[in-house]
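See structure below.
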Amino acid sequence: MSRQLSFGWTVPALLAGRKTRTTRAWSAPYAMLFRVGETIDAWDRSPKYDGRRVARLRVTRDSYPQNTRHMPDDAYEREGFAFLDEQGWRPLPMALAPGTAPDRMWRALFERWRASAKDQWVVEFVLISREGN
């Protein structure tokens, strides 16, 4: 059985092939289970909350720790935020990024996340297939 990850509001970027990494606040023992070559089932939300599987992914690099302060500039694209900005996705209240132009909301949220300087774990992957394909 494959490991499962839920992607919530970044599912559109995932299905477009524009989300190729995820950064999570996991324990080290759990995070280190994600190894290169492993196949992951991607869900829109947790199956225990009536989520549905939306895709299959393949891990391209062993998971690794990273402080959000050190996320590279390309993480904005790889986390799917550039796609969400380009497509005008607004699932989060604008109050989360007050005073931000609508076409830059996700950039503002990404920069606030990066500035939070939290130790988290990164999993990098490629999209293998979308559910039903």
**Asked** Given a Förster distance of 25 angstrom, what is the FRET efficiency for Ala16 paired with Asp119, based on the Cβ-Cβ distance and rounded to 0.05?
**Response** 0.30
**Request:** Would you please classify the overall shape of the stretch 25-68 from the alpha carbon gyration tensor, given that a ≥ b ≥ c denote the square roots of the eigenvalues, rounded means a/c under 1.5, and beyond that prolate means a/b larger than b/c while oblate covers the rest?
**Result:** oblate
**Prompt:** What number comes out for the charge environment of Tyr30, summing +1 per Lys or Arg and -1 per Asp or Glu over other residues with Cβ under 15 Å away?
**Reply:** 0
**Message:** Quick check: net charge around Thr39, other residues with Cβ under 10 Å of its Cβ, Lys/Arg +1 and Asp/Glu -1?
**Reply:** +1
**Cα→Cβ-extended label distance, 7 Å offset, between Asp62 and Ala28, nm** = 1.3 nm
**Theoretical ellipticity at 222 nm over the chain - DSSP helices of four or more residues, -39500 (n - 2.57) apiece, nearest 500** = -5500 deg cm²/dmol
**Fill in**
Gyration tensor on Cα atoms of the chain, a ≥ b ≥ c root eigenvalues, a/c under 1.5 rounded, else prolate if a/b beats b/c, else oblate, says oblate
**Prompt:** Counting only protein heavy atoms and using a 1.4 Å probe, what share of the accessible area of the chain belongs to carbon plus sulfur, as a whole percent?
**Reply:** 53 percent
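The values are calculated or read from the model by the stated rules, or taken from the named source; none is laboratory data. Predicted, not measured: the structure shown is a model, and the values here were computed from it. Neighbour counts run over all protein chains shown; Cβ positions are idealised from the backbone, glycine included. The accessibility values were calculated without ligands, DNA or RNA, using every heavy atom of the protein model including side chains. Shrake-Rupley method; radii C 1.70, N 1.55, O 1.52, S 1.80 Å.
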